[in-house]
Amino acid sequence: MTSSRLPLLLAAASTVLLGACSTMPASTYSQASLPAPVQVPAGHQVAMESVATGELTYECRDKAAMPGTTEWAFVGPKATLADRAGKPAGTYYGPPATWEAKDGSKVSGTQVAVAPSGPGNIPYQLVKANPVMGSGAMQGVSYIQRVALNGGAAPATGCTPETKGQRTVVPYQGDYIFWKAS
């Protein structure tokens, strides 16, 4: 084979591969591997997928109904949201937990369920969306699912009666899957 034919063969192979990819069905997010309590009810479809990278803040406080004992209590999140291609898609902040798209539409929610996601990670979460504020990407969102987690768990040590009131920030990453009724 001559070197002059190589570019033609590469171009032809690329065309065949691109053509094959365009006829493949679009992939859809599967929640089959998630614990049942955090699976979205039937009758919903994925509206948007995002990756959150940020931090969770905790404060050393008295443990509820246990005088003299302390624990790290969740204060709030601060994260950026990116789409699957890595392009900025919005922010996640709180309280209350609020997801805001780049177009200004935003949604808050009420936690429905959580399930363990592994040591050192915050739990999987299912949130029922409250009515959306503004029009745009968040319009029609009914559920938000937190999956694919890395980090974010409260520290296991360092909260004592002497350190009450101190805050600590923990980095985390997770996917937020936004669902709409089908």
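Reducing segment 50-66 and segment 114-159 to their Cα centroids gives an inter-centroid distance of 12 Å.
Peptides 152-165, 86-99 ranked from most to least packed give 86-99, 152-165, packing being the mean of other C-beta atoms within 10 angstrom over each peptide's residues.
Going 7 Å from the Cα of Arg61 toward and past its Cβ, which residues in segment 113-138 have a backbone nitrogen under 20 Å from where you end up? It comes to 113-114, 122-123, nothing else. On the basis of the beta-carbon distance and an R0 of 25 Å, Lys128 and Thr160 show a calculated FRET efficiency of 0.10.
Compute the relative contact order of segment 31-181 as a whole-number percentage, counting only Cα pairs closer than 8 Å that sit 6 or more residues apart in sequence.
Details: 385 pairs, mean separation 45.8, N = 151.
Dividing the mean separation by the residue count of segment 31-181 yields 30 percent.
With 29 Å as the limit on Cα-Cα distance, the pairs of Lys63/Lys87; Lys102/Lys180; Lys102/Lys128 that go past it are Lys63/Lys87.
All of the numbers you see were taken from the coordinates with simple rules; none came from a lab. The model shown is predicted, which means the values in this text are computed figures rather than measured ones. Virtual Cβ from ideal backbone geometry, glycine too; neighbours counted across all protein chains shown.
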